[in-house]
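Right, one structure below, let's go through it.
Read the figures in this text as sums done on the coordinates, not as results from a lab. Keep in mind that what you see is a predicted model, and the values were worked out from it rather than measured. FYI the Cβ positions are ideal-geometry reconstructions off the backbone, even for glycines, and counts take in every protein chain you see.
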Amino acid sequence: MLEFLARDTRKRENARSGIAGAGSPRALAGIALAAATLLLAGCQTAAEVRANDEARCRSYGFRLGTDAFAECLQRIDLDRRAEFRAASMQSPMWDRPVYVYVRDRRHHR
């Protein structure tokens, strides 16, 4: 009976502190962010992304076929990857404690 009360108390404390699980506001925000990222990532094809990157580098004054142009494209790609990594680290699972409950495995006869 005491174990049940302790478990129930932990659930209430976790719910008050925002560790409630998939229904918590932080988890819902993370899910919404992931869904928006997936939705927006599918809006452009690889060719369209490349064309936009090339246009961006040309707007900076770089000429197609030069080393500086290639470096510009590379930096844009590296920035995009860094932004993706930063967004994926915003997952609600990274900053939460992990609770592991182990049942008593002893067998009684």
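For E54 and R26, what does the FRET efficiency come to when R0 = 35 Å and r is the distance between their Cβ atoms, rounded to the nearest 0.05? After rounding, the FRET efficiency stands at 0.35. Put simply, when 43-50, 26-33 are sorted by average Cβ atoms within 10 angstrom per residue, most first, you get 26-33, 43-50. The spread of Cα positions in the stretch 45-91, taken along each principal axis and listed from longest to shortest, comes to 39, 21, 14 Å.
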